[in-house]
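Following: one structure in structure tokens, then a few remarks.
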Amino acid sequence: MIVDAWSQHPTARHIRHPMFESLRRWTRTDRLANGSADDWPVAVTLAAMDQAAVDRSLISAWVGPRATLISNDEVASFVAEAPDRLSGVGSVDISRPREAVREVRRCIRDLGFRGIRVLPWLWEIPPTHPRFYPVFSECCELGVPFCTQVGHTGPLMPSEPGRPIPYIDQVALDFPELSIVCGHIGYPWASEMIAVATKHPNVYIDTSAYTVERYPPELVVYLKGHGRNKVMFGSNWPMISPRKALSALDSLNLDSETHDAFLGGTAADVFALTD
């Protein structure tokens, strides 16, 4: 099974948001570059999955301090169109901690989502800020992973909140039972990210926003060695298609156990996709 651990089925307001202009300059996907004025049918995302033989994508909501670009209810409606192919990841407004906790509960208990994602750079605060801690605690109570971004930002926003050390390291120390899935590898702090994932049993790395050719060498060494069950595939669709993200996978020469864990086994375990 191939699982895409970080994906979005975008709304038009998500695709067209000005903060993604820097990404539109880099992409060669016509639909993204043109900033379609219309919401995409779910069939577009399913077709992109099919091109890379992706069995299931974890599609995320986008909630930030200025706008909700993809709401939790929209994600739930997308999942309802293809429940055997899509699973939801919720997001919450951390400026209202009690409401955020209630929304986390709704996402997991009522909408059936598999995790919660909040992007520190979007809020311009690190994940050690007190506003995050009620969300971490509730994720622990519900037994679901917290997903976030590490490394520099593609959008023109500050990158400092994406440092694995000290931020992810401290969160993992404070919440040792919390599974933390760190997307976007962590470059230019990939070595820090690997150190944190090695140190903490419940910290994972996903490769979203990177094609295989751009994986840092130290990540490849980690994946093929003691990190074989700590790294999972992600595309960051629609910014990168799953097919493009995986096009050079054979060049890594992964053994069968590592190959299967990376493409889907680890994500299936962390996000409880087999229950």
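We did not get these values from a lab; they are worked out from the coordinates using the rules stated. None of these values were measured; they are calculated from a predicted model. Because the Cβ atoms are built from the backbone with ideal geometry, glycine has one as well, and the counts that use them run over all protein chains shown.
So for segment 149-157 (the condition being under 26 Å from Ser57 (Cβ atoms), small (Gly, Ala, Ser), touching a Lys or Arg at 6+ places or on another chain (Cβ under 8 Å) and surrounded by 15 or more Cβ atoms within 10 Å (Cβ to Cβ)), does at least one residue qualify? No, segment 149-157 contains no residue that is under 26 Å from Ser57 (Cβ atoms), small (Gly, Ala, Ser), touching a Lys or Arg at 6+ places or on another chain (Cβ under 8 Å) and surrounded by 15 or more Cβ atoms within 10 Å (Cβ to Cβ). Please enumerate the residues belonging to segment 261-275 that are over 15 Å from the mean Cα position of the chain (by Cα) and part of a helix (DSSP H, G or I). Correct list: Ala261, Gly265, Asp269. Ser95 - would you say it is part of a helix (DSSP H, G or I) and either within 14 Å of the chain's Cα centre (by Cα) or over 25 Å from Ala190 (Cα atoms) (or both)? For Ser95, the condition - part of a helix (DSSP H, G or I) and either within 14 Å of the chain's Cα centre (by Cα) or over 25 Å from Ala190 (Cα atoms) (or both) - is not met. Of the strands (runs of 3 or more DSSP E) entirely within segment 47-89, those holding at least 1 residues that are within 22 Å of Val181 (Cα to Cα) and touching a Cys at 6+ places or on another chain (Cβ under 9 Å) occupy 56-60, 86-89.
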